[in-house]
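Engineer: Let me give you the structure first, and then I'll get to my questions.
The values are calculated or read from the model by the stated rules, or taken from the named source; none is laboratory data. Quick caveat: nothing in here was measured; it's all calculated off a predicted structure. Heads up, the Cβs are rebuilt from the backbone with ideal geometry, glycines too, and the neighbour counts pull from every protein chain shown.
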Amino acid sequence: MGKSLFEKVWDAHAVRQLANGQTQLLIGTHLIHEVTSPQAFGMLRDRGLKVQYPHRTFATVDHIVPTNEAVEPYSDPLAQGMIEELRKNCAENDVTFFDTNTGKQGVVHIVGPEQGITQPGTTIACGDSHTATHGAFGAIAFGIGTSQVRDVLATQTIALNELKVRRINVNGTLPPGVYAKDVILHIIRLLGTQGGTGYAYEYAGTTFDNFTMEERMTVCNMSIEGGARVGYVNPDETTFEYLKGRPYAPKGAAWEAAVEQWKSFASDADCTFDDVVDIDAAQIQPTVTWGITPGQGVGIEENIPTIEDAPTQSDRDSVAEALEYMKFEGGSAIKGKKIDVAFLGSCTNGRLSDFQEVAKYIKGHKVAEGVQAIVVPGSQVVAKIAEELGLDKIFIEAGFEWRAAGCSMCLAMNPDKLVGDQLCASSSNRNFKGRQGSPTGRTMLMSPLMVAAAAVTGEVSDAREVFGFATANA
Amino acid sequence: MPSTPIKQVTGKGVYVPGDDIDTDRIIPARFMKCITFDGLGEYLFHDVRKTESGEDKKHNLNDPRFAEASIIVSGNNFGCGSSREHAPQSILRAGYNAVIAGSFAEIFFGNSTNLGVVCVIASDADRATIAQAIEANPELEITIDVEDHKIWFGDQSVPCEIKPGARDSLLSGNYDPLDELLEGSADVAKTAGALPYMQA
Ligand code: SF4
């Protein structure tokens, strides 16, 4: 019987079994950033240990960097302290650091693929729950805690339990105006925020076959929002095409050999899965979250659920809590909710194709009065190419602010924050209470084009109507 | 060097109601601008406890009756969201060493176990019973018996679940895996040697 990609990669990286039954798993690539690594380096120093495989460790700075001050020291001394600490730790341990002056800095999950560090058939770990993003390349990528960052630094391994694998097939063509972001919001709505606990998600089907790498990354990115620590897509020609010629991709004869090896990691046609879910792409709507978990989403044509409609008492409690926090009425239309802020960016939707798609439609439109709209490229590379293409001018002309690369308002550890109970249309991945920097701030997750539609109308809108898609409401 | 085995956890309880208590609620990101975990305890559940102007909200976590609690009782999918170890670190540093929930998010569960924070699963009905018992008597002593899969409170007990791997690690005191991982270094080099991308 065949094996899944997950099993093959796991087997190739399993070092040995530990006393408690867990596996000691080799982590081929370790990505680190400024928030979850300093304590780990501290623990290493306390124990007199060194980074074991520095050439497999790569660092960037993303969470705390301001997107509107280019010069250090930053106005926030805590942020300045964190970037300096990372610089010091990388220098002391010979770790490659994509610092702000390299032209390569950006959100860790954008930088890895962009540099060609993220490769099929590898294991990747990062002290960040959105590490599953790298699974888009057919890598097994784990989000880990800081003690595990220490473990990887010191041993290049972690102790883990093997996961089950759920295959999620999405077949067919997405309707116009429906994007990869809608696919993952739909999956989470369907399977719930804890549906993926204990599973790796294998995303497959013709919809994924036809997706670009950036679209695959958007879906894999939010696996954790569905409870799955790992999500991946089998590598194919699209994957190899993307990687070819990237700085850290194999070159020359090594390239041919690598591609052959990568192909062999793809799930075998006759392998079995612990669970299979089938989804029809044609049924997926532009999806918007109305609540405080990523599973609380509805199609743009739908109404927000009512407390009474929820099946169990604990569901009723959750809906009631979400409605109270969001200041929404159960049963009201999702369309028409007045927004204050529009955020385009993050490791979910801060890539070139996201900005290209929006730029195609916003020409001739203006951000509505009273709305602050910001665009934050996911990396310096994305920013540079976008600027070469003139996308920055299109956004600025439409009334958006064009910022420097970072996580920015995805989690607001830098100065970009909501104020009070502002409502934000956001292309990021989490709508938790307080996520965007204000303890009462409100977040609605949606695709980049839906964020743009909200920005120009001042309220949650159907992008297909706002931007004149021929098939809207057909 | 193994840590002290954890066979039981005993203490008073506090009920933190709600499902999907995410890591941003456990420790808001703005308190993570730090390079050590020291001092994080102070910000545990900050926005759950405080209004925007910094006053205490009405919440069990602010109620002096539960000030001595060291065991948190909560809902389903506790610890969902981020991989930030700042979450269990702040729980530990605020004086709690166990969480009883309906279920746990996976990364949070692993991070907590590595630190020796005991996470056990009990049914909705049993957690409701425990929560009522705490409310009726905040001084009530709760004991989580890791070995026996039981939670004792007063003269009652209910069953609880703990993942077998985590249970073994707690009982043997090997919940911090670093030493065992270090011992495997020769095998690690062998596994790495067989993978082309691992070569320098
Ligand atoms: S963009 Fe958001 S989700 Fe992605 S790494 Fe940064 S803070 Fe985390």
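Engineer: For the range B:63-90, name all the residues that are touching a helix residue (DSSP H, G or I) at 6+ places or on another chain (Cβ under 6 Å) and away from the ligand (no atom under 16 Å from the Cβ).
Structural biologist: Scanning the range B:63-90 gives B:66, B:73, B:79, B:88, B:89, B:90.
Engineer: Looking at (1) within 14 Å of chain A (Cβ to nearest Cβ); (2) closer than 25 Å to residue A:128 by Cα; (3) free of Cβ contacts under 8 Å to residues at least 60 places away in the same chain, which one does residue B:183 not meet, given that it meets all the others?
Structural biologist: Here residue B:183 meets the rest and fails (2).
Engineer: To continue, here is another question. When you check residue B:36 against the structure, is it closer than 24 Å to residue A:408 by Cα, within 16 Å of the ligand (Cβ to nearest atom) and among the hydroxyl-bearing types (Ser, Thr, Tyr), yes or no?
Structural biologist: No; evaluated as a whole, the condition is false for this residue.
Engineer: Quick test for you: out of A:218, A:193, A:197, pick the one residue that is among the hydroxyl-bearing types (Ser, Thr, Tyr), under 19 Å from the mean Cα position of the chain (by Cα) and assigned to a helix (DSSP H, G or I).
Structural biologist: Just a single option satisfies the conditions, and that option is A:218.
Engineer: Could you tell me how many of the residues in the range B:61-88 are touching a Phe, Trp or Tyr at 6+ places or on another chain (Cβ under 6 Å) and surrounded by fewer than 21 Cβ atoms within 10 Å (Cβ to Cβ)?
Structural biologist: Counting residues in the range B:61-88 that are touching a Phe, Trp or Tyr at 6+ places or on another chain (Cβ under 6 Å) and surrounded by fewer than 21 Cβ atoms within 10 Å (Cβ to Cβ) gives 2.
Engineer: Related question: Spot the failing condition for residue B:105; the list is (1) touching a Cys at 6+ places or on another chain (Cβ under 9 Å); (2) under 15 Å from residue B:15 (Cβ atoms), and only one is missed.
Structural biologist: Of the numbered conditions (1) touching a Cys at 6+ places or on another chain (Cβ under 9 Å); (2) under 15 Å from residue B:15 (Cβ atoms), the odd one out for residue B:105 is (2).
Engineer: Give the residue that is surrounded by the most Cβ atoms within 10 Å (Cβ to Cβ), with candidates limited to residues of the range A:89-125 that are among the charged types (D, E, K, R) and part of a helix (DSSP H, G or I).
Structural biologist: My answer is A:114.
Engineer: Show the residue pairs that are 6+ apart or on different chains and have beta-carbon atoms under 7 Å apart, the first residue being within the range A:400-414 and in contact (Cβ under 8 Å) with a residue 60 or more places away in the chain and in the same structural domain as residue A:454 (by TED's automatic domain parsing), the second being of a type in the set (Asp, Glu) and within 8 Å of the ligand (Cβ to nearest atom).
Structural biologist: From residues that are in contact (Cβ under 8 Å) with a residue 60 or more places away in the chain and in the same structural domain as residue A:454 (by TED's automatic domain parsing), the pairs are A:406/A:62; A:407/A:62.
Engineer: If you don't mind, another one. Of B:58, B:50, B:150, which residue is closer than 28 Å to residue A:410 by Cα and of a type in the set (Lys, Arg)?
Structural biologist: B:50
Engineer: I'd like to know if the range B:32-46 contains one or more residues that are aromatic (Phe, Trp, Tyr) and part of a loop (DSSP other than H, G, I, E, B).
Structural biologist: yes
Engineer: Next question, about the same structure. Being closer than 19 Å to residue A:26 by Cα, in contact (Cβ under 8 Å) with a residue 24 or more places away in the chain and outside the structural domain of residue A:359 (by TED's automatic domain parsing) is true for just one of A:145, A:192. Which residue is that?
Structural biologist: The match here is A:145.
Engineer: OK, next. Which condition number in (1) under 26 Å from residue A:148 (Cα atoms); (2) without any contact (Cβ under 8 Å) to a residue 40 or more places away in the chain is the one that residue B:81 fails?
Structural biologist: Among (1) under 26 Å from residue A:148 (Cα atoms); (2) without any contact (Cβ under 8 Å) to a residue 40 or more places away in the chain, residue B:81 violates only (2).
Engineer: Out of the residues in the range A:2-29 that are within 7 Å of chain B (Cβ to nearest Cβ), under 16 Å from residue B:195 (Cα atoms) and among the small types (Gly, Ala, Ser), which is surrounded by the most Cβ atoms within 10 Å (Cβ to Cβ)?
Structural biologist: Looking at the filtered set, the residue picked out is A:28.
Engineer: Right, here's the next one. Filter the range B:129-152 down to the residues that are in contact (Cβ under 8 Å) with a residue 40 or more places away in the chain and more than 19 Å from the chain's Cα centre (by Cα) and list them by number.
Structural biologist: Passing the criteria: B:135, B:138, B:139, B:140.
Engineer: Only one of these conditions is not met by residue B:76: (1) part of a loop (DSSP other than H, G, I, E, B); (2) touching a residue at least 40 places away in the same chain (Cβ under 8 Å); (3) more than 14 Å from chain A (Cβ to nearest Cβ). Which number is it?
Structural biologist: Of everything listed in (1) part of a loop (DSSP other than H, G, I, E, B); (2) touching a residue at least 40 places away in the same chain (Cβ under 8 Å); (3) more than 14 Å from chain A (Cβ to nearest Cβ), residue B:76 misses just condition (3).
Engineer: I'd like to verify a number: residues in the range A:286-332 that are more than 22 Å from residue A:448 (Cβ to Cβ), among the small types (Gly, Ala, Ser) and away from chain B (no Cβ under 14 Å), how many?
Structural biologist: 3
Engineer: Taking residue A:14 as meeting all but one of (1) more than 23 Å from the chain's Cα centre (by Cα); (2) within 16 Å of the ligand (Cβ to nearest atom); (3) hydrophobic (A, V, I, L, M, F, W, C), write down the number of the exception.
Structural biologist: All conditions are met except number (2).
Engineer: Which strands (runs of 3 or more DSSP E) sit wholly inside the range A:266-340 and have at least 3 residues that are of a type outside the set (Ser, Thr, Tyr) and either surrounded by fewer than 19 Cβ atoms within 10 Å (Cβ to Cβ) or modelled with pLDDT under 95 (or both)?
Structural biologist: Filter on the range A:266-340 gives A:275-280.
Engineer: While we're here: Within the range A:49-88, can you find the residues that are assigned to a loop (DSSP other than H, G, I, E, B), of a type outside the set (D, E, K, R) and more than 9 Å from every other protein chain (Cβ to nearest Cβ)?
Structural biologist: A:51, A:61, A:65, A:66, A:67, A:68, A:70, A:71, A:73, A:74, A:75
Engineer: Give the residue that is farthest from the chain's Cα centre (by Cα), with candidates limited to residues of the range A:346-369 that are assigned to a loop (DSSP other than H, G, I, E, B) and within 16 Å of the ligand (Cβ to nearest atom).
Structural biologist: The qualifying residue farthest from the chain's Cα centre (by Cα) is A:351.
Engineer: When the residues of the range A:30-47 are narrowed to those that are surrounded by 21 or more Cβ atoms within 10 Å (Cβ to Cβ) and facing chain B (nearest Cβ under 8 Å), which ends up nearest to the ligand (Cβ to nearest atom)?
Structural biologist: A:35
Engineer: Follow-up. Applying the selection to the range B:3-59, what residues are basic (Lys, Arg), more than 26 Å from residue B:143 (Cα to Cα) and more than 13 Å from chain A (Cβ to nearest Cβ)?
Structural biologist: B:58
Engineer: Let me ask something else about it. Please determine, by comparing only the residues of the range A:133-166 that are in a loop (DSSP other than H, G, I, E, B) and buried (at least 24 other Cβ atoms within 10 Å of the Cβ), which one is farthest from the other protein chains (Cβ to nearest Cβ).
Structural biologist: Here the answer is A:138.
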